[in-house]
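A short write-up of the structure that comes next.
None of the figures in this text is laboratory data; all of them are computed from the coordinates on show. Note that the structure is predicted; figures quoted are calculated from it, not measured. Positions of Cβ are backbone-derived with ideal geometry, glycine not excepted, and every protein chain shown enters the neighbour counts.
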Amino acid sequence: MSPWLKFAIAQRDFILSTFKNFLHLIRVIFPTWNFFDQVGDAVELRFKLSEQMTWQTYNWERALKPWSLFSNASHNLRLAHYNVLEHFVSDLQTFDKDVETLTTYKLLRSFLVLDLLQRWPDTLKIQFQIRILQNGQKSELFSSPWIDKESL
Amino acid sequence: MNQDITLRLTTALIGFSIALSCLEYILLFRNRLFSKVWSYAHLENELIQSLPFPKKLTHFLFNDESFKVLVTLQMVLAVTSMSNAHFLVVLTLLMIQILICIRFRGTFNGGSDFMTVVVLTGLCISLADPTLGRAGLIYISVHVIYSYYKAGLVKIKNTEWIKGDALYWFFANSPIHFTQQIAHFLKDRKFIFQFISVLVIFFEMGSLLLIFFPKGILPYMCVAIVFHFSVYITFGLNRFFWVWLAAWPATFFAVSLLI
C-alpha cells in the first residue's frame, strides 16, 4: 500500500470533514431551490442578564419600512443571524467536541452579546439557551456558560 | 424581445440587484452587529481549514479590509454593468459574488445568492462568445423554471402544505410583525391558508407547463412578479424580488423560442 493511501486512510475523518466544510462554503455554486420546506421545528433563543432574571425570549421581529424593498440591510442581517442559529443547532447534533470552538458558536455568541449590550449597556454577564419546539413540546438543546462582558 | 435586448436588460437588472445588495453591505459596515460578528477573526479558522488555498491567500482574500474592497469593487462593476454588458465585468462580478458568499459561510441571503450566481454564470456564457448568446439565456431560464417547479414539488409532497398548516406556521413564525398579526387574525380560518397554499403549489408546479404551452409566458411572468412581491411583503425578502426579476427577461426570451 502506498504511503499516500495509508495516510489518506488514517486521516479519512479529517479529510471527509474538511471536504464537507469546503462544499458547504461553496454551496452557492450548487443551488438547491428548496424554499420553505422545513416545517415544524421552531428554534427558540433565550437569554438571561443576571442569575435572578428569568429566561427572556430573543425577539427576531422587524417591521418593514417604505424603502425596505430597495434596502433592507438590518432585516437581512437578522436573517443571516437566524441562519447561524439554525446551523449551530445542526452542528450541535453532529459535533461531539468542545462546542465553543465552533464558528457557529462564536458568531452566535458574538451577535447575541453585542445586540444585548447595545440595548442594556450596564449588563455585566449574559447566558443564552436554545430550545426546540417539536410536536408542540419545547425541549432544551443547549445552555451556554455565563459570558462576562470583559471576556468579549 | 430579441437576444441583444434580453442580454442588455438582464445585465442591467442583475447589475441593479447586485448594487442594492452592495449598498446594504456598505450600510452595514458601520453596524457593530455586522462588522464585529462577521469579522475575519471569527471566520479565520474555518476558512483556513476548509479552503484549499495557502493561508496567506485566504487571509488576503477574506480579511476585513479586503471584504470592504471587494464590496466596493462589486458596487462599481454592478453600476457599470447597468449600462454596458461586457464579459470581463460580468465574470469579475461572478468571482466576487462567490468570494462574498464563501466569506458568509456559503450564502448571506440563501436563494437570492444562488440566483445571482446563476444569472451571472448565464451572462458569462452568453457574453463569452457570440455563438453562445442563446445558451447562456437558456441556462438561466432552465434554472428559473426548475426553481419554481422544485419549490412546488417539495411542498406537494408535504401534507402540512396541502392542509395549509405549513403556510400558517411560516406566517406565525415570520420575522415580520405584520405577517404574524395576519396569522393571529386568521387563526380560526385556516381554510384561507389552505386555499393560498394550493394556489402557490399550482403556480410553482405550473412552471413546467410553460415548456408545452409557451404562449402562457406573459401571464405567468406577471403572476410570478406579484408572487415575489408578496413574499417580500410577508417575509421581508427584498433581494429575492430583485434577483428573480433580473432572471425573468432571459426566461421570457428562452420560452418564447418554443412558440
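Working only within the range B:1-31, note down all residues that are in contact with a Phe, Trp or Tyr (Cβ under 6 Å, 6 or more places away or on another chain) and surrounded by fewer than 16 Cβ atoms within 10 Å (Cβ to Cβ). Across the range B:1-31, the qualifying residue is only B:Met1. Every condition in (1) under 17 Å from the mean Cα position of the chain (by Cα); (2) farther than 17 Å from A:Glu51 by Cβ; (3) aliphatic (A, V, I, L, M) is met by A:Leu116 except one, and the failing one is (2). Within the set A:Thr94, A:Thr123, the sole residue that is over 13 Å from the mean Cα position of the chain (by Cα), more than 7 Å from every other protein chain (Cβ to nearest Cβ) and free of Cβ contacts under 8 Å to residues at least 24 places away in the same chain turns out to be A:Thr94.
Across the range B:59-74, a minimum of one residue is classified as part of a loop (DSSP other than H, G, I, E, B) and either crowded, with 18+ Cβ neighbours inside 10 Å or polar (S, T, N, Q) (or both).
Rundown of residues vs (1) under 30 Å from B:Val89 (Cβ atoms); (2) in a helix (DSSP H, G or I); (3) more than 10 Å from chain A (Cβ to nearest Cβ); (4) not aromatic (Phe, Trp, Tyr), yes/no style:
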{"site": "B:Leu127", "(1), (2), (3), (4)": "yes, yes, yes, yes"}
{"site": "B:Gly136", "(1), (2), (3), (4)": "yes, yes, yes, yes"}
{"site": "B:Glu160", "(1), (2), (3), (4)": "no, yes, no, yes"}
{"site": "B:Ser174", "(1), (2), (3), (4)": "no, no, no, yes"}
{"site": "B:Leu209", "(1), (2), (3), (4)": "no, yes, yes, yes"}
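Scanning the range A:41-58 for residues that are within 12 Å of another protein chain (Cβ to nearest Cβ) and either surrounded by 15 or more Cβ atoms within 10 Å (Cβ to Cβ) or more than 28 Å from B:Asp165 (Cβ to Cβ) (or both) turns up A:Val43, A:Glu44, A:Tyr58.
Restricting B:Thr107, B:Thr121 to residues that are within 22 Å of the chain's Cα centre (by Cα), without any contact (Cβ under 8 Å) to a residue 40 or more places away in the chain and not in a helix (DSSP H, G or I) narrows the list to B:Thr107.
The residues listed here are B:Val154, B:Val90; of these, the one that is assigned to a helix (DSSP H, G or I) and under 28 Å from A:Arg78 (Cα atoms) is B:Val154.
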